[in-house]
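Beneath this line is the structure, given in structure tokens, with notes to follow.
The values are calculated or read from the model by the stated rules, or taken from the named source; none is laboratory data. Keep in mind that what you see is a predicted model, and the values were worked out from it rather than measured. Note that each Cβ is placed from the backbone with ideal geometry, even for glycine, and that neighbours are counted across all protein chains shown. These accessible areas exclude ligands, DNA and RNA; they are computed on the full protein's heavy atoms, side chains included. Shrake-Rupley method; radii C 1.70, N 1.55, O 1.52, S 1.80 Å.
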Amino acid sequence: MTPARGEEPASGPTPGLNTVSGSEPAAAPGYFPRLLSAAAHVKHIASDSALDRFGLNRDSFHLLGCLASAPATEAELAKAAGQSSTAIRVHLLQLQSSGYSARDRSGIWSVTEAGLNVMECANLAQAEATLDAEDSQELRQALRTLISSLRLEQPEGGTQKEP
């Protein structure tokens, strides 16, 4: 929009705009849920990238976690994961070919030592990737701004230090 003759163009941020994202007021309805959704999205992208380095995805990583808890059959794993036996079998065979899981003669699957090691490495890589993600810097700043603007009072029974 062009200013009328004799008017100065507006300078500085537009009133009501969030200076962190430049889109809308931080108090606008839906801002908080969208910010949390963006945080979850950034975390998932970083997590997926970290898991991929080890030849894993969320489903296979979850399956390794189940096997680390207790050895199980394909049917038990399918029930626990809420997936079909076929999908579980595909994941288990991929984990087996990577050396992360093994099946005994009775059809019971378990996690191997290599599987336990990769789970530990993948957990660390996920945490590191989440903290280092480029997108997370701006997101963390937006979350800090939002939290400080909320200035929620301490609930009753909580301890609050006197200044």
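Residues in the range 64-117 that are of a type in the set (S, T, N, Q), farther than 20 Å from residue 54 by Cα, open to solvent by less than 80 Å² (accessible area, probe 1.4 Å) and not in a helix (DSSP H, G or I): 73, 83, 84. Selection over the range 118-137 of residues that are at pLDDT 70 or above and open to solvent by 70 Å² or more (accessible area, probe 1.4 Å) gives a count of 4. Of all residue pairs spaced 6 or more apart or on separate chains, those with beta-carbon atoms under 7 Å, a first member in the range 24-42 that is closer than 15 Å to residue 141 by Cα and among the aliphatic types (A, V, I, L, M) and a second member that is open to solvent by 80 Å² or more (accessible area, probe 1.4 Å) and modelled with pLDDT under 70 are 42/135. Please verify whether residue 107 is at pLDDT 95 or above and on the phi > 0 side of the Ramachandran plot, treating the condition exactly as stated. Taking the combined requirement at face value, the residue does not satisfy it. Among what's in the range 41-63 and is open to solvent by less than 40 Å² (accessible area, probe 1.4 Å), assigned to a helix (DSSP H, G or I) and among the hydrophobic types (A, V, I, L, M, F, W, C), pick the residue that is nearest to residue 108 (Cα to Cα). That would be 63.
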